[in-house]
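Each remark here refers to the structure printed beneath this line.
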């Protein structure tokens, strides 16, 4: 299991905090990493990658004075690129970062990022599509987040490690990817208390040193394979993932009738009969991740019974439902709720991926559908999954990537 997409981009950005060469291992060969690679080069870093295309490492040599402008043509491609804001402000005292793009899954406002940095003495404004921030001296502050935002926690954290005094982040995000970032910063010489809890206490230091860090495994990819195994009534062993990071998701699959065997190096999941329905409520960690919601709907579309889905994180995530309905799924949405009535089989149809997780959800639906399913715009899948169709074929799926960039199954 490769490193987490939602972690490695932030770890790469954190390399900006120290002069010299920082190495991040367990790097997934996904398109978002390539974009971050290019962005760091534009900020003055020397970046080189090595590996076999599945488990790689990246070495980032950061100059004494990084450049501080992150251009639109790169930032617009991935939402995670906003994570350079905190490190640039900490290292250079200013930053100009284009407003980010990424998946079409709803608004993800940056107000909490800005408010937290302003509490630390920064002046932040948005002009002509760019975030402009200035802070000749960042100072420690107590910051309460209205919502445990992962991105806001990351930007405030990476700014605070070099600020004067102590910063406290209350209602901080607790995701394993946040813990991963904290562990890397600690290895660079940062002083951080409360790692893994909802309150982080960061005492700023004069300087950080380069480090070598191994990224945490991708729990969303692991969860995707687990859900696909249950939907297709298969038997899959997922290696390298920590089942503790998927406790609620795996419990839901057990309720569906699956057998889950946790191991020291991952977990095995097996399903011998039609799955039973279960309700889904997405919440910040340790709740069920919104990034697993489309995959869960694909499973529930062929499960026995009726399920209620409540989406509390991204309001546009249900765009996926319009596509899977083309395959015969009985899905009705109302605001941030959806009702899924399971059917014996779906039917293959041409559909379109609107984001990473919608793309893999539609592929899972195609695996349990009669006929051929074509999923368009699969470049989204490449942003989060390494050798996706090759892995599916190795597991017995009839899947090909065509010249028109579609999957058939």
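All of the numbers you see were taken from the coordinates with simple rules; none came from a lab. Note that the structure is predicted; figures quoted are calculated from it, not measured. Please note: Cβ atoms are built from the backbone with ideal geometry, for glycine as well, and neighbour counts cover all protein chains shown.
Before anything else, pin down the relative contact order of the chain: Cα pairs under 8 Å, at least 6 apart, normalised by residue count, whole percent. Show your work: numbers first, answer last.
Values: 998 pairs, mean separation 52.3, N = 409.
It comes to 13 percent, rounded to a whole number.
For a label point 7 angstrom out from the Cα of residue 164 toward its Cβ, which stretches of the stretch 130-149 have the backbone nitrogen within less than 18 Å?
Correct set: 134-142.
Work out how far the C-alpha atoms of the chain reach from end to end along every principal axis, then list the three figures in whole Å, largest first.
62, 46, 40
Determine, for each peptide in 290-300, 62-72, the mean count of other beta carbons within 10 angstrom over its residues, then list the peptides with the highest first. Provide the component values of the computation, followed by the final result.
Numbers: 290-300: 27.6, 62-72: 16.2.
Those peptides, ordered most packed to least, come out 290-300, 62-72.
If I build a Gaussian network model for the chain, linking alpha-carbon pairs within less than 10 angstrom, which residue out of 142, 237, 354 has the largest mean-square fluctuation?
Among 142, 237, 354, the largest mean-square fluctuation in the Gaussian network model of the chain belongs to 142.
Computed on alpha carbon atoms, what radius of gyration and Dmax characterise the stretch 219-408, expressed in Å?
14.9, 42
Kindly state, to the nearest 0.05, the FRET efficiency for residue 123 paired with residue 50, given R0 = 51 Å and r defined as their beta-carbon distance.
Values: r = 40 Å, r/R0 = 0.79.
E(calc), rounded to 0.05, equals 0.80.
So in the stretch 219-408, what percent of DSSP beta bridges are antiparallel if you round to the nearest 5?
On the way: 24 of 33 bridges.
Taking every DSSP beta bridge with both residues in the stretch 219-408, the antiparallel ones total about 75 percent.
Which order results if 385, 130 are arranged by neighbouring Cβ count within 10 Å, fewest first? Spell out each step's value before the answer.
On the way: 385 26, 130 18.
By the 10 Å Cβ count, ascending: 130, 385.
Specify the inter-centroid distance of the stretch 272-312 and the stretch 1-63, based on alpha-carbon positions, in whole Å.
33 Å
For the chain, give me the percentage of DSSP beta bridges that are antiparallel, rounded to the nearest 5 percent.
On the way: 56 of 74 bridges.
Counting only bridges with both partners in the chain, antiparallel ones make up about 75 percent.
Mind giving me the nanometre distance, one decimal, between the label points for residue 334 and residue 132, set 7 Å out from Cα along Cα→Cβ?
According to this spin-label approximation, the distance is 4.8 nm.
Counting only C-alpha contacts under 8 Å and six or more residues apart, can you give the relative contact order of the stretch 259-334 as a whole percent? Present the calculation step by step, with values, prior to reporting the outcome.
Numbers: 82 pairs, mean separation 20.8, N = 76.
Value for the stretch 259-334: 27 percent.
What fraction of the DSSP beta bridges in the stretch 5-214 is antiparallel, stated in percent and rounded to the nearest 5? Intermediate values should be presented prior to the final figure.
Details: 31 of 40 bridges.
Given both bridge residues lie in the stretch 5-214, the antiparallel proportion sits at roughly 80 percent.
With springs connecting C-alpha atoms under 10 Å apart, model the chain as a Gaussian network and identify which of 394, 135, 272 has the largest mean-square fluctuation.
In the Gaussian network model the winner is 394.
Under the rule a/c < 1.5 gives rounded, and otherwise a/b versus b/c splits prolate from oblate, where does the stretch 5-214 land using the Cα gyration tensor? Intermediate results must be reported in sequence, preceding the final value.
Details: a/c = 1.34, a/b = 1.19, b/c = 1.13.
Note, shape of the stretch 5-214 comes out rounded.
Using Cα springs under 10 Å in a Gaussian network model of the chain, which residue among 93, 335, 223 shows the largest mean-square fluctuation?
Result: 335 has the largest fluctuation of those listed.
If each of residue 235 and residue 264 carries a label point 7 Å out from its Cα toward its Cβ, how far apart are those two points in nm?
2.3 nm
Would you calculate, for the chain, the mean residue ellipticity at 222 nm contributed by helices, counting each DSSP H stretch of 4 or more residues as -39,500 (n - 2.57) and dividing by all residues, to the nearest 500? List each step's numbers first, then the result.
On the way: 14 runs with 126 residues, N = 409.
So the helix-based figure for the chain works out to -8500 deg cm²/dmol.
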